[in-house]
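Structure, as structure tokens:
Values in this text are rule-based calculations from the coordinates and carry no lab data. Model, not experiment: these values are computed from the prediction. Cβ placement follows ideal geometry from the backbone for every residue including glycine, while neighbour counts extend to all protein chains displayed.
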Amino acid sequence: MALDGTTLVYGGLLVVAVGLVLSYVLLLLWTPPPILTHTSELSYLSANNPKEPLPLPKLEDPATVELSVIVPAFNETERLPAMLEATVSYLEGEGWQNLATTTSTAKTTGSSSRPNEKGNGSAKKLKRPSSGLKRTFEIIIVDDGSTDSTSSAALLLARSKYPKTDIKIVTLEKNIGKGGAVRHGMLHAGGQGLLMADADGASRIEDLASLWSHMNTILDKDGRAAVVGSRAHLVKTEAVVKRSLLRNILMYGLHTILRIVGVGHIRDTQCGFKLFSRSAAQQIFPSQHLPTWIFDVELLLIAKALRIAVGEVPVEWHEVAGSKLNVVTASIQMLRDLLIVRLNMVVGRWKAGEGPGVTLAAKAEKSD
């Protein structure tokens, strides 16, 4: 018996409705739970206080130093010492201390309602100390639930080699992912500028000067801007050509997907060397939901939604042995997480600028 047109229409609508309901259910199931913060994670140890934890600052409070360097670390006892030595040496040396806030020639690739590609006399600038005063900084090492002695090794380095340097060691109770560790450090940083830098030292800390100078050319009148380090200029160089075939396939596949989800204007979203002004960080990081390694894309989508200008500056980079990334697993997780973040933003479950910020585990348990 032939079906009439009305039956086919209703049948089609029913299939679509069921598909939408199933898709929403899958979205709810795949969406990661809120990133919870334990009370012990709200304090830090340092060279001056190796046994008695001190309270961490809060991102919403006024800045206390010029620069915060956030270092996510998971089982990094071998790679952290070299990175820390290079970072402290540069920040305490003439290169950083004498850096002038000059105009950068780097390209601005971001989106903003008030772009300042040519500078703007009314825009805020990241302040630097008066002549004769040292530029202040802090290094926040966030141990992402390591199974080795990363925290104790970092504390030993701070006490033995850098006793006069402001190095804070924060230990998360369990491993939540690189994105979660970076978010935690950012939400408790005191800098005017907040830099995320990987513990392997693959990016040169000296390139901070380029990011800092360029940021001052794109800050809007509210002091908001972000600058990402980019390895796009290295695509055809030995540094990338010698990477494994799987890693290069992942890189090109990711670029294609990023164009689809809306951040194709950034040529390198995954470089672990990004600088945020305090005003921008105050709006971006409380809204971050993904704790996984693709969190960078969520940050850029949030910045785009908030019309925060994002600059992209070439940086030097070299691959360092000891990566914890499983390419196959990461590829599958990447596809799922990109879909999750985009759909949650489209349906309005995740809204830029309206994130939960710090959610204490004890309070979350009580509400359940």
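Counting only Cα atoms, the stretch 1-93 measures 84, 28, 27 Å along its principal axes, largest extent leading.
Close amide-amide hydrogen proximity is noted between Ile167 and Ala47, Ile139, each under 5 Å apart and 5 or more residues distant or on a separate chain (H modeled in the peptide plane; Pro and chain starts excluded).
Among the listed pairs Lys58/Lys178; Lys51/Lys125; Lys58/Lys134; Lys51/Lys164; Lys164/Lys221; Lys164/Lys274, which have their C-alpha atoms separated by more than 28 angstrom in this model? As for pairs spanning more than 28 Å Cα to Cα, those are Lys51/Lys125; Lys164/Lys221. Of the peptides 201-208, 224-231, 59-66, the ranking by mean beta-carbon count within 10 Å, highest at the top, reads 224-231, 201-208, 59-66. Highest mean first, the peptides 211-218, 192-199, 15-22 sorted by other C-beta atoms within 10 Å per residue fall in the order 192-199, 211-218, 15-22. Packing, taken as the mean count of other beta carbons within 10 Å per residue, orders the peptides 6-13, 168-175, 308-315, 342-349 from highest to lowest as 308-315, 168-175, 342-349, 6-13.
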